[in-house]
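Inspection log for the structure reproduced underneath, given as structure tokens.
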Amino acid sequence: MEIMDVVIIGAGAVGTAIARELSKYELNVLVVDKNEDVGGDASKSNSGIIHTGYDATPGTLESRLVVAANPMYDKLARELDVPFTRCGAILTAVSQEEYELLPELFRKSHENGVYDVEMLTAEQAKSLEPQISPEVKGGIYIPREGIIDPFTLVVAYAENAAMNGVKFMLSTKVIDIHLEDGRVSRVVTDIGEILTRFVINAAGLYTDEIAKMVNQCDFTVHPRKGQFYIMEKDIPYNIEKILLPVPTKHSKGKLASPTVHGNMLIGPTAEDLEDKEDYAVTAEGLEEIIESVRRLLPAASPKDSITQYCGLRPTKTPEGYKIEASEEVQGYIGVTGVRSTGVTASASIAGYVVDILADEGLELKPKVSFEPYRIGITKFNELSWKEKDELIRQNPFYGHVVCRCETVTEGQIIEAIQRPIGARSLDAIKRRLRPGTGRCQGGFCSPRIVEILARELNVPAETITKHRKGSEILTGPNRLGV
Ligand SMILES: Cc1cc2nc3c(=O)[nH]c(=O)nc-3n(C[C@H](O)[C@H](O)[C@H](O)COP(=O)(O)OP(=O)(O)OC[C@H]3O[C@@H](n4cnc5c(N)ncnc54)[C@H](O)[C@@H]3O)c2cc1C
């Protein structure tokens with residue numbers, strides 16, 4: 001049986017970023033994930049903000065890694081063809097009490113090494129973002145806060161890693177890790193065993209359960225739910241900058257943010273739970289969002305939302321990043337505690353983990369053939385009429401618009417299925433191309449996408465799922481027998 005150098009458990013932002021970083025070296029690397037697609041759990045349901053780290057706790061590993069990661073995104077987004085915009089954020093003080101906290105937050109930002117923040121008067125805040133509350137007392141401008149498409153980021157990390165030789169085993173759950181002479185030797189999954197020299201635990205919410213498999217769990221991880229509204233694209237109060245509330249100790253608070261696709265996001269809540277599978281959106285949560293966000297953006301209205309969703313932050317107790325090699329179990333590296341900043345920090349965590357592996361004795365021989373560039377799926381909507389015409393002449397599938405809300409063509413869906421880590425479910429197509437994210441929420445395009453997936457994969461349409469086994473869309477032939 002082949003022996004892997006490194007097995008990474010988890011194909012979220014953190015696991016796939018590490019995989020890409022390791023693909024720069026002559027190594028045998030395998031990523032294992034229980035889900036049917038890359039994208040993670042928390043990594044596909046967050047605010048999509050590339051933080052600067054201005055508000056981190058100074059001196060912590062989180063501060064160091066988030067501050068280091070932020071400047072990496074201009075190059076990373078270019079290399080990986082990921083939508084990313086440095087739109088900037090305004091920390092918005094609405095009450096006198098919040099206003100009085102601004103100097104302390106400004107100073108904290110400097111302590112974190114984020115020196116390009118600017119204090120704003122109420123008038124300056126209003127002129128930077130005209131939709132801001134007229135009650136605003138002042139604020140802090142954080143110019144380097146950015147927005148990214150987190151789905152594309154993770155798919156791109158994974159695809160680029162795969163292009164450079166990393167293997168992926170999806171729909172595969174790790175159930176145990178075996179040791180030999182105090183060193184990891186085998187990862188046991190629900191479909192078989194993998195021999196390996198190193199294991200990286202990047203399992204997000206489940207890092208505690210994986211750590212228990214090697215008796216290295218001195219922490220717990222619980223979900224902190226964050227619910228969101230996604231708004232229509234064409235609303236009269238769209239914003240260009242992220243509006244942040246003055247944070248509390250518990251959470252960064254509920255914000256309003258533009259997205260790279262032109263919809264505004266508002267939320268998230270911060271609800272501590274026990275159940276790691278509780279993805280329910282609640283009326284109370286949504287009310288709380290509207291009430292809080294209206295303090296920053298008075299026009300925000302639930303009438304303008306397209307849909308709602310929620311994500312679960314992997315919240316570790318005790319809190320804080322914990323990224324280290326075990327001193328007792330050779331070859332085991334845990335990456336946990338990346339509660340609310342893991343999308344941003346994935347870029348720097350990757351290098352940090354590679355250094356740990358080198359310290360633990362992994363030989364890092366640079367791969368001469370490493371290709372840093374990944375070209376994404378054809379962006380049909382961004383082509384000129386002439387380019388579209390030319391493309392359709394070459395391949396008529398680009399002339400079939402399947403999703404009218406987001407203008408997604410059959411040609412693009414076929415590309416998504418045929419790429420290095422091909423889409424296999426409706427949600428996998430949605431994360432790569434956005435059909436189903438528009439006004440009709442998939443009502444028109446989903447049946448067509450099921451047909452295309454079945455045809456391209458040469459499987460019966462009844463086997464196509466929304467995301468995992470058990471979420472099949474069709475149960476059998478219809479009244480007409482088709
Ligand atoms: C509401 C909300 C808002 C947020 N906003 C932001 C933001 O704006 N900016 C930011 O930087 N961060 C944000 N975050 C935080 C960020 O989303 C997380 O820190 C990050 O996604 C964690 O990535 P991960 O790869 O560690 O975990 P995940 O994405 O959860 O991935 C872990 C993977 O491990 C797999 N796994 C688990 N157990 C097993 C097993 N036994 N076998 C095989 N596979 C397994 C899972 O299937 C999953 O795919 C937010 C989070 C939430 C929930």
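The values are calculated or read from the model by the stated rules, or taken from the named source; none is laboratory data. Nothing here was measured: the structure is a model prediction, and the numbers come from that model. Reconstructed Cβ throughout: ideal geometry from the backbone, glycine too, with neighbour counts over all protein chains shown. Accessible surface areas use protein heavy atoms only, side chains included; no ligands, DNA or RNA. Shrake-Rupley method; radii C 1.70, N 1.55, O 1.52, S 1.80 Å.
Residues that are of a type in the set (S, T, N, Q), out of contact with any strand residue (DSSP E or B) (no Cβ under 7 Å at 6 or more places or on another chain) and within 17 Å of residue 28 (Cβ to Cβ) within segment 161-209 comprise just one, 164.
A quick yes/no check of all residues on (1) touching a helix residue (DSSP H, G or I) at 6+ places or on another chain (Cβ under 9 Å); (2) assigned by TED's automatic domain parsing to the domain that holds residue 39:
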| site | (1), (2) |
| --- | --- |
| 106 | no, no |
| 112 | yes, no |
| 154 | yes, yes |
| 173 | no, yes |
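Residues in segment 130-151 that are touching a residue at least 24 places away in the same chain (Cβ under 8 Å) and away from the ligand (no atom under 14 Å from the Cβ): 131, 132, 133, 134, 135, 136, 137, 138, 139, 140, 141, 143.
Within segment 28-42, work out how many residues are crowded, with 22+ Cβ neighbours inside 10 Å and touching a strand residue (DSSP E or B) at 6+ places or on another chain (Cβ under 9 Å).
Pass one, segment 28-42, residues crowded, with 22+ Cβ neighbours inside 10 Å: 29, 31-33, 37-42.
Filter again for touching a strand residue (DSSP E or B) at 6+ places or on another chain (Cβ under 9 Å), leaving 29, 31-33, 38, 41-42.
Selection size over segment 28-42: 7.
With the requirement that a residue be of a type in the set (Lys, Arg) and not in a helix (DSSP H, G or I), what does segment 393-434 give you? Hits for segment 393-434 are 404, 419, 424, 434.
Would you kindly identify the strands (runs of 3 or more DSSP E) lying entirely within segment 60-142 that contain at least 2 residues that are surrounded by fewer than 19 Cβ atoms within 10 Å (Cβ to Cβ)? Lay out the reasoning, then the answer.
Values: elements: 89-93, 118-121, 138-142.
Of the strands (runs of 3 or more DSSP E) lying wholly inside segment 60-142, those with at least 2 residues that are surrounded by fewer than 19 Cβ atoms within 10 Å (Cβ to Cβ) span 118-121.
Among the residues examined, residue 200 qualifies as open to solvent by less than 20 Å² (accessible area, probe 1.4 Å), in the same structural domain as residue 322 (by TED's automatic domain parsing) and in contact with a helix residue (DSSP H, G or I) (Cβ under 7 Å, 6 or more places away or on another chain). Here residue 3 clears all of (1) within 16 Å of the ligand (Cβ to nearest atom); (2) farther than 13 Å from residue 347 by Cα; (3) over 17 Å from the mean Cα position of the chain (by Cα) except the condition numbered (1). What is the number of the single condition among (1) closer than 19 Å to residue 303 by Cβ; (2) within 14 Å of the ligand (Cβ to nearest atom); (3) not in a strand (DSSP E or B) that residue 256 does not meet? Checking residue 256 against (1) closer than 19 Å to residue 303 by Cβ; (2) within 14 Å of the ligand (Cβ to nearest atom); (3) not in a strand (DSSP E or B), the one that fails is (3).
When 193, 240, 232, 209 are screened for being within 12 Å of the ligand (Cβ to nearest atom) and surrounded by fewer than 17 Cβ atoms within 10 Å (Cβ to Cβ), only 209 passes. For segment 212-229, the candidate set comprises residues that are crowded, with 20+ Cβ neighbours inside 10 Å and of a type in the set (A, V, I, L, M, F, W, C); within that set, the residue that is farthest from residue 332 (Cα to Cα) is 228.
When each of 464, 421, 452, 473 is tested for being of a type in the set (A, V, I, L, M) and open to solvent by 20 Å² or more (accessible area, probe 1.4 Å), the lone residue that passes is 473. If I ask for residues that are surrounded by fewer than 24 Cβ atoms within 10 Å (Cβ to Cβ) and touching a residue at least 40 places away in the same chain (Cβ under 8 Å), which ones from segment 243-254 would you list? 245, 246, 247, 251, 252 - these are the residues of segment 243-254 that are surrounded by fewer than 24 Cβ atoms within 10 Å (Cβ to Cβ) and touching a residue at least 40 places away in the same chain (Cβ under 8 Å).
Residue 17: under 30 Å from residue 243 (Cβ atoms), near the ligand (Cβ under 6 Å from one of its atoms) and not hydroxyl-bearing (Ser, Thr, Tyr), yes or no? In short, no. Scanning segment 152-184 for residues that are part of a loop (DSSP other than H, G, I, E, B), charged (D, E, K, R) and within 14 Å of the ligand (Cβ to nearest atom) yields one hit, 173.
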